[in-house]
Every structure is written in structure tokens, then in C-alpha cells.
Ligand SMILES: Nc1nc2c(c(=O)[nH]1)N[C@H]1C(S)=C(S)[C@@H](COP(=O)(O)OP(=O)(O)OC[C@H]3O[C@@H](n4cnc5c(=O)[nH]c(N)nc54)[C@H](O)[C@@H]3O)O[C@H]1N2
Ligand SMILES: Nc1nc2c(c(=O)[nH]1)N[C@H]1C(S)=C(S)[C@@H](COP(=O)(O)OP(=O)(O)OC[C@H]3O[C@@H](n4cnc5c(=O)[nH]c(N)nc54)[C@H](O)[C@@H]3O)O[C@H]1N2
Ligand code: SF4
Ligand SMILES: [Mo]
């Protein structure tokens, strides 16, 4: 077997890896550039890997074009400036580490470990995550390591932990082939998890009646277009809808009494709560017809296997964790869990959001689904890391928004951002910008040049990215894929884990960070997962390289292919009592409800062709064509009320700021709601910083911000008198306008 961490050359033929975009985690086969095309523009071409069990050869347009994005616009050397009004200038790695080390030591002396904070990413590989956590929570004694998963998956994590006693999505993709009813709630699967959606559609075409698709989303989307039933609820009312469904299931006798008795606790209280949510009340609260709720309940009750899929429309809410519990409650009470085709299945967003959870990548977590607040867990990690007892702090670290607030109080001496672009993706951007400007040193590990976050950084470190570093990622169905290094990193770019390890050694933790390769990092990590729900102890880079992707739990001694497709099949749960908890919480509604001054709810989401802040996808012509610019979707009634015309410009105003966008008048969005995409940050020609408008109120349990809703109002911007050139994109009705 070849050394799995050594870069493969073209002579090795295609490289197999997990796609670095969404959490579906499709297998890609990357074909090297031909000799004729070799040179600086040499492009690896991607196609679906038929051997990958999660995707069976399928890919979407982003995966298919990833090869075109890898070499353009890259950072190649460390860059530094003392003040952010100066230009960034190249420096050596040695000087970069001297600066970093000095600032860490200064901060420790002046503020203690709590003055250091890192904000990482679900786009880290598991090895990057593990070493970053070991550096911060172990060596430096600061639990202030949080990741963009806080904006993404933390409500799902808290939801699973509360109901089941542990994190861990219990389902697998084969369940899509076996479910009778698929409930897609708060997810635009067609655009955001396209290969899974295509799998559903293919089945729907063949078995029209055997598979019923239900979508809950305030917008009509490419996903709801395929639905048998679309409940276009008012934003932020999902929990009431779920309680109303429970109400009807109780009435219809849709309760699995034996399962409830043997495997759950808390049924009496839940039944009392459900009793309050009559169809009439739900209809008023959610803004749907009673008939639609009955249709949903009839379907659920009659289905041998119900699968619920959800993502950001559920998680990004002030009641995100409560809504996750609302979904899980229904599955438990009706016994729709732990069997083929059934269960509450959270779709993860980023390619390695799952690996981050396994490696302890949020402010309260430690590797192996452990918690910093558990003395036993801390002691296990202190021993594993060769650190003194008490080295790990006993309290939860700062979540990302708490890190922003800490900078407002001058409580941080170093804010280290890696593999995320918070100056586009965090809410309330003007406040973020002002807070960050107070921090004495902002460091950014980034692969691409010119991002919005680089604009506020003092030290920018060039990162080797996917394809240039070897590591593993875990997709939504708990499948771990080895991603080899098959290209050489540009210039002096280095893997994130190697940057963290070098700083660790310089700070005196030579033993702890003496890794020869990422394979060694992974070996050290999996040992500490033994016996945990996320047991990866039987995996290694070598095994994954040789035998292909594997699903966990995968304890030592498991044969390749012998991983575990479904969790909780026994009806016993990892809680103290062994029973799952039914959780009763009353719906609260939106954190910032609309009012007379701000009468509309702005929701912010994604387009199929773009990835987040566009650092990769903005450079691919084919991906820009369908949406050359961001569009503000407005219902015709709201457009009339606010004096807007189709393809005209409008100002979108919230309590925190205003942005301008081109209007698209459409029946596809519910009256009272408007939509903007999240993608176009300040560095884009068509900039439209949606997150300047968003508030930072979050779920009190998961601390996930409500990135799906803010109260706004709209104002038309007078059309310019001169005729304008038409946009080169092929979107009908879209005219080019000057950048705001
Ligand atoms: N093309 C593409 N795919 C991606 C990504 C990308 O950037 N581009 N990013 C990946 C990541 S990290 C993530 S997290 C996922 C996100 O995947 P999704 O969650 O599917 O994507 P979003 O567009 O953010 O939001 C989903 C839907 O929630 C709806 N929604 C808004 N408010 C509510 C509400 O109150 N209730 C309900 N029921 N629905 C509501 C919106 O109308 C929207 O259609 O996508 C992943 N895949
Ligand atoms: N209003 C609103 N806001 C949202 C959302 C929403 O739905 N609505 N969604 C939220 C969600 S779910 C998410 S996940 C976030 C996503 O938001 P971000 O994480 O900010 O988005 P990305 O553009 O994916 O940022 C990843 C960055 O890492 C860089 N990068 C890529 N590979 C590597 C690598 O290997 N190493 C390093 N060091 N850098 C690398 C990329 O160039 C890019 O700049 O946005 C959140 N913000
Ligand atoms: S569906 Fe997701 S993982 Fe699959 S190719 Fe598309 S972006 Fe990549
Ligand atoms: Mo996400």
C-alpha cells in the first residue's frame, strides 16, 4: 500500500475523496490534468465515484466543477500588518510564528487563558479540528474554541443530546429508499443536498404512491415543487405545527403505547401540552389551513415508515433546540425510529460538520462526544494528552457570539479565525466589525486571497486546502471518507493542523504536538473515541484508503464494511434511565417578530450553484450563470404595499442596517416574508450583505443565532433615468445596476 499521507502524482491515476462542499459527502473521483494541459492552470476534473456507498456515482454541479476552483486566487505566503489600515505585506513563516507566539504569551500574562479565542469550521478535516482543540482546550487551558457549526448544527446537537442522551444522527441514506413518508422541514434539499434529493425524486418517479413527500417551508422552493403536500407556514412557527400534529396523532390512536412505555419518559406532560394545540389554534398560529394539518396527520398515521429530514429552517431559530425535540418527540411517540426508513435525520450542512462534533469542535465539547463540564471527561482527555490534572478548564468556553461580545469588552488579546469567513456569515455585521476592530491581534488561516475577513485581520496564514492535505471527513450518515493529498499546495501554504501543531511545539508542548503526519494525528484521536457512541477506534487512514469509506460506530476489530447503518435500534438510549426523553416546550415564535415599523420577515438562505461566501464558486462561470446577482424575493401583495416593481431596486432596512437588492416579485414566497441569499459579501461586485440586517438573538440552549429571520421593511429606489446595459446572466428580468 502506498503512503496515504504522501501526495499522489498523476501517475497514480484518479484520486478518490469526499466532495469538499455539502454534508451529503458524495464520493468524487478526481482525474489528473493531462500532460498537454499541465502547467499553472492544470485542472483536475471531477466525476462521481461509483464506489462511494453514500452517493453511488452521483454528483451535483458544485462537486462536478470543484477542480476549476482549486488553483485560482490563492494565498501563497503569510501576510502581516500592525494596523488594519495598512496594507498586508508578505513575511516568512518563522516571523509569523514569532508574532503569534509573542501575542499568545502576552495575552496569557495580561488576561489569562480566557483572553485567547479561536473560531474554526466544519470545513476543517477531522485532524485540523482535533489538533486545534488539543491546542486550545488542552495546552492553552482555554475552552474558547468554537466553530461555524454554532451557526449551523448546534441546535441539532443539543436536540439529540437532550432527547437521546448523546449526539449522533440515527439514520442513513438507505432510509430514503425505504420510507413511505418523507417530511422535509426547514430544508431546501433540492438546492442544498441535491444528490440526496435526486435519490428521492428518482424513487418518486418509479413509485408515485408508495412515497409521499411533505415539505414545510414558508417559501415555494425547488424542493416543495416535488411535494405531495406543502405547508407554507409562517416563519418561526414549526414547533406549533409539530405539536398540532402530535395532537391529532393522539386523537387518532397513532401512539405506539408499547414503545412509549418501554423506551421513553415524559409522555404524560407531552400529551397535556399537545392537547392544547388544537387544529384551529395551529391553523391561526402557523397561517395554514386546518385541512392541511389533517392531511399531514393522516399520512403520518398511515405510514409504516416516516423519515424526517431537517436543516437550517429548523436549527437557525431562537427555539431551534425545542423544535428539534418537537420532531424527535413525534418519532418516539409513534415508534418511528430505529427501523429501516424511519427516524429523525438532521442533514448536516458542511462536509465535515460531523467530524467536528466527533473531535469536540464546539465551546462546550471535548473529543469523543464528551463535555468540558464533566470532570471525568476532562480527566480522560488530560491523561490522553499527557497534561497535568486540572489543565482543562471546567467551564464552557465562549461561543462565537460571546467571543464578539468579549472583544467589545476588550477581553480578548487574540482572535484566531480559521476556514470560515465570519465577516460575511455572522449576524449583525456592523456590530461584529466594530467589535473585532478592538482586538489587538486577529489571525486568519485562509486558502484564498481577498476575503472579507482578511480585510480585518493583522496576520493572514496561507492554508493548504482539500486536495492538498490528507485527512478524513464524516458526512451526514456517519460515513467517514479518507481524502488524500493529490495536489501540491501553492507557495508556502500549510495544512491547518500543521500550523496549530507548530505553535504548540513553540509554546513548549513538544511531546504533545510531535506529529509526523496527519495519519498520526488521526491514530491518536480515534483511540479516545473507543467505547463512545461515536466509536471510530477501528479506523485509520490506511484502512480507509485501502477499503474505502466506513460508517461509525466502528470499534477496534470491526471488519471493513461492518460499520453501523442505524443507531438506537434496541429501544435503549444512552441516558441515565436508558429511556429517551420526551420534551414538552411551548412555542415562543420569532426572536424579533414583525411590527408596524418593520412589518416583514426577512429569511436568508442559499442558491444551488453557490457555496456560502463564494470564495470558490464565484470563480466558475457555469456556476454564476443561473444567478448572476442576488435577488430579493417579494410576494406581489407586499410589493404593491411597498411600491416595488419587478427587476427594480429596493432598500431592505432592519433595526441594524440597510442593504439594496434587485427585486423579484413572485408568488413563490408567502405574503409577509421576503428572501435574500446569504452569498454575496462586501468583496463581491454585486455585494448584498444580508447579515448586516440580521439580529444575534439565539436559542437559549444551543446558542445558535436565528439566522433565518429578522424584521425588515422595504423602500423602492427610484429607477435611474439613463438606460442601462443589460446583465450578461440569462436570468429573465434581471438588469445590471450600480453597486450600492
Ligand atoms: N448550494 C449550496 N448547498 C449547500 C450550502 C451552500 O452554501 N450552497 N451550504 C451547506 C450548509 S453549511 C448548510 S447548513 C445547508 C443548509 O441547507 P438548507 O437548510 O436546506 O438551506 P437554507 O437555504 O439555508 O434554508 C432552508 C430553507 O429554510 C426555509 N425557512 C426559513 N425560515 C423557516 C421557518 O421558520 N420554518 C421552516 N420550516 N423553514 C424555514 C427557507 O425558506 C429555506 O428554503 O446547505 C449545505 N449545502
Ligand atoms: N443569514 C444567514 N447567515 C448564515 C446562514 C444562513 O442560512 N443565513 N448560514 C450559516 C451557516 S449554516 C454556515 S455553515 C455559515 C457558513 O459561513 P462561512 O463558514 O463563513 O462560509 P465559507 O464561505 O464556507 O467559509 C469558509 C472559508 O474557509 C476557506 N477555506 C476553505 N478550505 C479551507 C481550508 O482547508 N483551510 C482554511 N484555513 N480555509 C479554508 C474558504 O476559502 C472560505 O473563506 O454561514 C452561516 N451564516
Ligand atoms: S450534493 Fe453536496 S457533496 Fe454531493 S456533489 Fe453536490 S455539493 Fe458535493
Ligand atoms: Mo451550515
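Scanning region 394-417 for residues that are under 24 Å from residue 614 (Cα atoms) and either surrounded by fewer than 19 Cβ atoms within 10 Å (Cβ to Cβ) or within 16 Å of ligand 1 (Cβ to nearest atom) (or both) gives a single hit, 400.
Per-residue answers, yes or no, for (1) over 21 Å from residue 153 (Cα atoms); (2) assigned to a strand (DSSP E or B); (3) away from ligand 2 (no atom under 16 Å from the Cβ):
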| residue | (1), (2), (3) |
| --- | --- |
| 326 | no, no, yes |
| 329 | no, no, yes |
| 339 | yes, no, yes |
| 357 | no, no, no |
| 379 | yes, no, yes |
| 388 | yes, no, yes |
| 391 | yes, no, yes |
| 417 | no, yes, no |
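Tell me yes or no: at least one residue of region 222-233 is within 16 Å of ligand 2 (Cβ to nearest atom) and at pLDDT 95 or above. Among the residues of region 222-233, at least one is within 16 Å of ligand 2 (Cβ to nearest atom) and at pLDDT 95 or above, which makes the answer yes. The set of residues in region 138-154 being closer than 19 Å to residue 404 by Cα and away from ligand 1 (no atom under 16 Å from the Cβ) consists of 142, 143, 144, 145. Counting only helices (runs of 4 or more DSSP H) that sit wholly inside region 49-168, those with at least 2 residues that are touching a residue at least 12 places away in the same chain (Cβ under 8 Å) and outside the structural domain of residue 450 (by TED's automatic domain parsing) are 61-65, 154-164. In the set (1) out of contact with any helix residue (DSSP H, G or I) (no Cβ under 9 Å at 6 or more places or on another chain); (2) buried (at least 24 other Cβ atoms within 10 Å of the Cβ), the condition left unmet by residue 307 is number (1).
Can you confirm whether region 612-622 contains a residue that is at pLDDT 95 or above, touching a strand residue (DSSP E or B) at 6+ places or on another chain (Cβ under 7 Å) and not assigned by TED's automatic domain parsing to the domain that holds residue 62? Looking through region 612-622, at least one residue is at pLDDT 95 or above, touching a strand residue (DSSP E or B) at 6+ places or on another chain (Cβ under 7 Å) and not assigned by TED's automatic domain parsing to the domain that holds residue 62. Hey, any hits in region 584-599 for a residue that's farther than 30 Å from residue 630 by Cβ and in contact with a strand residue (DSSP E or B) (Cβ under 9 Å, 6 or more places away or on another chain)? The answer is no; no qualifying residue exists. Kindly indicate whether residue 397 is assigned by TED's automatic domain parsing to the domain that holds residue 105, in contact with a helix residue (DSSP H, G or I) (Cβ under 6 Å, 6 or more places away or on another chain) and at pLDDT 95 or above. It is false that residue 397 is assigned by TED's automatic domain parsing to the domain that holds residue 105, in contact with a helix residue (DSSP H, G or I) (Cβ under 6 Å, 6 or more places away or on another chain) and at pLDDT 95 or above. The residues in region 443-486 that are without any contact (Cβ under 8 Å) to a residue 60 or more places away in the chain and touching a helix residue (DSSP H, G or I) at 6+ places or on another chain (Cβ under 7 Å) can be counted, and the count is 3.
Filtering region 201-253 to residues that are within 22 Å of the chain's Cα centre (by Cα) and part of a helix (DSSP H, G or I) leaves 224, 238, 239. Does residue 291 fit the bill of being without any contact (Cβ under 8 Å) to a residue 24 or more places away in the chain, in a helix (DSSP H, G or I) and within 22 Å of residue 212 (Cα to Cα)? Yes.
Taking the criterion of being within 16 Å of ligand 3 (Cβ to nearest atom) and closer than 15 Å to residue 309 by Cβ, the residues of region 191-220 that qualify are 191, 192, 193, 194, 195, 196, 197, 198, 199, 200, 201.
Okay, residues lined up against (1) out of contact with any helix residue (DSSP H, G or I) (no Cβ under 6 Å at 6 or more places or on another chain); (2) free of Cβ contacts under 8 Å to residues at least 24 places away in the same chain; (3) outside the structural domain of residue 481 (by TED's automatic domain parsing):
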residue: 547; (1), (2), (3): yes, yes, no
residue: 562; (1), (2), (3): yes, yes, yes
residue: 573; (1), (2), (3): no, no, yes
residue: 584; (1), (2), (3): no, no, yes
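With respect to (1) over 29 Å from residue 696 (Cβ atoms); (2) away from ligand 3 (no atom under 16 Å from the Cβ); (3) in contact with a helix residue (DSSP H, G or I) (Cβ under 6 Å, 6 or more places away or on another chain), the lone exception for residue 138 is condition (3). Taking region 152-168 as the range and being within 16 Å of ligand 2 (Cβ to nearest atom) and in contact with a strand residue (DSSP E or B) (Cβ under 6 Å, 6 or more places away or on another chain) as the test, only 156 passes.
The set of residues from region 419-438 being crowded, with 23+ Cβ neighbours inside 10 Å and in a loop (DSSP other than H, G, I, E, B) comprises 419, 420, 421, 426, 427, 428.
Filtering 237, 221 for residues that are closer than 26 Å to residue 604 by Cβ, in contact with a strand residue (DSSP E or B) (Cβ under 8 Å, 6 or more places away or on another chain) and in contact (Cβ under 8 Å) with a residue 40 or more places away in the chain leaves a single hit, 221.
Checking each residue in region 599-620 for being surrounded by fewer than 21 Cβ atoms within 10 Å (Cβ to Cβ) and assigned to a strand (DSSP E or B) picks out no residue at all.
Residues are listed down the side, and each one gets a yes or a no for (1) more than 16 Å from ligand 1 (Cβ to nearest atom); (2) surrounded by fewer than 22 Cβ atoms within 10 Å (Cβ to Cβ):
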{"site": "170", "(1), (2)": "yes, no"}
{"site": "174", "(1), (2)": "yes, yes"}
{"site": "181", "(1), (2)": "yes, no"}
{"site": "185", "(1), (2)": "no, no"}
{"site": "216", "(1), (2)": "no, no"}
{"site": "220", "(1), (2)": "no, yes"}
{"site": "243", "(1), (2)": "no, no"}
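The values are calculated or read from the model by the stated rules, or taken from the named source; none is laboratory data. Keep in mind that what you see is a predicted model, and the values were worked out from it rather than measured. So basically every Cβ, Gly included, is an ideal-geometry build from the backbone, and we count neighbours across all protein chains shown.
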